[in-house]
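Here is the structure we will look at.
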Amino acid sequence: MATNMAPSLYQAPMGLEEAEPLEIEIENPDDVTLRMGDIEIDLMPQNDTGDEEFDANLADYISDSELTSISSELISDFEKDQNDRKDWISTYVDGLKLLGLKYEERTEPWSGACGVFHPMLTESVVRFQSEGIMETFPAAGPVNLHINGKDTPEKEEAAQRVTEDMNYQLTDVMQEYRPEHEKMLWSLPLAGSAFKKVYYDPSRGRQVSIFVPAEDIVVPYGASDLSTAPRVTHVMRRTENELTKLMAAGFYSDIELGEPTTELDDVEKQKAKEQGFSAIQDNRYRILEMQVDLDLKGYEDEDKDGEPTGIALPYIVTIEKGTGTILAIRRNWYEDDPLHTKREHLVHYQYIPSGFGFYGFGLIHLIGGYAKSATMLQRQLIDAGTLSNLPGGLKSRGLRIKGDDTPIQPGEFRDVDVPSGAIKDNVMTLPYKEPSQVLFALFQNIVQEGRQFASSGDMNVSDMSSQAPVGTTLALLERQLKVMGAVQARLHYAMRQEFKLLKHIIADYTPEEYSYEPDMGDRKAKKADYDMVEVMPVSDPNASTMAQKVVQYQAVLQLAQTAPQLYDMPLLHRQMIEVLGIKNANKLVPVEEDQIPVDPVTENQNMLTGKKPVKAFMEQNHEAHIAAHMSMMQDPKIMQLLQQNPMAQQIQAAVMAHVNEHLGFEYRKNVEMQLGAPLPTEDQNKAVPPQMADQIAMMVAQASAAITQNNQQQAQQQQAQQQMQDPIVQMQMQELQLKQGELQLRQQKQQIEAATKADQLRLEESRIAAQKEIAAMQVGATAAAARDKLAKQMQLEGVKIGADAAKNKAQLAHQRAQAVMQRSQQHRQQPPKGV
């Protein structure tokens, strides 16, 4: 590489001949270093990249020459973008003059002519600002929450904590938020576009959301929105102390900037003039914060193989306009985003979106001509009235009036020197007319048309009947407020984008726990809470004014009166009270969602008084609750007093509805016990596949049949027990018992008679047996006597012994016969068994 060194800036010392230009050829510049004392010159400077953090200020790692090149190119692009929107700036400046915030001292057509401005434009702006701030920033805070995914008790508690925390941040911590929001609501209807910038401010140590007027956001011609614009420039004003703080915090590079420039653009001058200031110079630095796509050397986008792709990546470059010094270059995408999607820091609010360009249409563009015409006609009418009341004219030269340079006061007479003739012959007034009625009618027409177009006129309700249906009133309101309703819907959408940016910043920089004790849950659940919910404004995009909301709720209340069983009346009244802006609506009208499980007696008290709604919970003992409620309804003392209450039917209906709620929970528990597993909840049913739902239905049908069978058996038993307690049934049972007793007596008598007959048969049999035995004994005795006789003859001793034996045997037989006879007599004398 050959380098020609330029000639010296100064002449060579005297006596030295002029030398030929010196040529130095360096084969390897990387190995060459030039030193001049303590100064070291690097011929091939390299960017010290790769060691910095992702959020680091890259301007501290890029060479000055490259920073100068980047700054020069970006400032040139910015000036071109500014030049492209000159006509838009001119229209905006002319519109600011029509606000009439400062009285115009006119010298034409005469000194002191009317310089008033018609307030059509200002009136529309003030109304929009007033309605917008009340709708988007109520006293409780502007944030509402939406739960992501399945609704669970944990997510509901997290949503409540996030709602309280974000409203606390926006109302107490970010004290500048409401004033900045009101400034935005003032500027938006005028310019048609306004911006909010959401970012983390290291000098404050928290998130901020500031208003940025439309003239301070510069985009190239042809850009349609912020996300796709190739270049977005935010023109800022910073004091020296503010820059020093940001440099000390490491947000900007620590660079000496010198004195600030004092240039002011046309918009700044006109705004200062409208506020009564003489804007000659501004001692603040003019900072350009540009969101651009750059392909920085050393920070190129690379493919999978590590080769540069040449794709420009999104960066935020901050430049001081006066000196062109780059204060910061930072990556404008998330570190874990492989697509390098540009992060959004600005939110674009639009009044009427334009199909012709980036900026929206405002009242200056829509009714600026009406406001200018109304101002001109109003001035003509006032000037005509002035000339008519204080006319001028001609007088003769000789006519002299004492003190003719001052107007004549009421009741005053002055001396007049008349040269000749009467006074009227020496004075002639010019033929000034009264203010024209045609001009006044034209003025009224222009004002009416302008106000209607701006949707700031009052609706004429004098011809409406007080008995008109709510639907008719709602239709008239909707027709009148349709344009403003669309504007409020755009405002709601933009605020939602702003709250999303705030949510991410709060979640990223928030501490692990709340700075206060939340109503529910753990203090250390803050970061996890923000991941569960989605933030949105409390404003309603479907109703732009309170009157429209109230009429809508009145229509719903009329419908509810026709079928009150279909509506949740406490919730409906609660929402209407909240719309009216009444505080502590939850205490005035409690709803079921506010209830906690209580004992049956407390539920009975609440139902009798009707002040608090009651709600059954799955974990309660439903049989006990149902028994307690039904016992109250069957109490004669309570029912007697309740019949004198005009709300008796409503109370009874409330009690039965609550009992049915317990009954439903009890039936569900019985089915789950029969199945041996819990059934899916209402939210879980949404994710149950159809096939599984069919299987569950079949299982539930079987379990229900089994429960029905058991209940039928229990019902039959209870019915039998109840019938047993019936007096008629008891008498019938007693008669049946008597008949059964008689039957038993008859059966016993028959048994006794049968037993008597059996005993008689047994006695007869015993008698016959005894007679046979006696006969046998007699035969035996006769035979023994014969044998004795024979034995005596053979042997006296043997016969004697045989005789004694026979005698003894006969005595024994006789005793047996007597015993049989006695036993037979005893049987006859004993009564039958069972008598």
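Across segment 336-342, coupling constants 3J(HN,Hα) worked out from phi with the 6.51/-1.76/1.60 Karplus curve, θ = phi - 60°, read 8, 9, x, 8, 6, 6, 5 Hz, and Gly and Pro carry x.
For the residue pairs Lys80/Lys342; Lys321/Lys372; Lys372/Lys549; Lys150/Lys615; Lys86/Lys500, the alpha carbons lie more than 25 Å apart in Lys321/Lys372; Lys372/Lys549; Lys86/Lys500. Working note: Debye formula, equal point scatterers on the alpha-carbon atoms of segment 561-690, no solvent; log10 I(q)/I(0) at q = 0.19 Å⁻¹ is -1.18. With the highest mean first, a sort of the peptides 387-394, 360-367, 655-662 on other beta-carbon atoms found within 10 angstrom per residue produces 360-367, 655-662, 387-394. For segment 311-364, a simple Cβ point-charge model (Lys and Arg +1, Asp and Glu -1, everything else neutral) yields a dipole of about 160 debye relative to the Cα centre. The residue among Leu67, Tyr92, Ala56 whose Cα reaches farthest toward the positive pole of the charge dipole of segment 51-134, with charges on the beta-carbon of Lys, Arg, Asp and Glu, is Tyr92. Computed from the C-beta positions of Ile423 and Val116, the FRET efficiency with R₀ = 25 Å rounds to 0.10.
Using Cβ point charges alone (K and R +1, D and E -1), the dipole size of segment 597-699 about the Cα centre works out to roughly 320 debye.
Accessible surface comparison of Asp81, Asp694, Asp87, probe 1.4 Å, protein chains only, largest first: the order is Asp87, Asp694, Asp81.
Between Ala648 and Glu434, the distance separating the two model label sites (each 7 Å from Cα on the Cα→Cβ line) works out to 7.4 nm. How big is the gap, in Å, between the Cα center of segment 615-645 and the Cα center of segment 66-116? The distance from the Cα centre of segment 615-645 to that of segment 66-116 comes to 76 Å.
The values are calculated or read from the model by the stated rules, or taken from the named source; none is laboratory data. For clarity, every value in this text was computed on a predicted model and none was experimentally measured. Counting neighbours? That spans all protein chains shown, and the Cβs are built from the backbone with ideal geometry, glycine included. When the accessible area is computed, the model is the full protein with side chains, heavy atoms only, and any ligands, DNA or RNA have been set aside. Shrake-Rupley method; radii C 1.70, N 1.55, O 1.52, S 1.80 Å.
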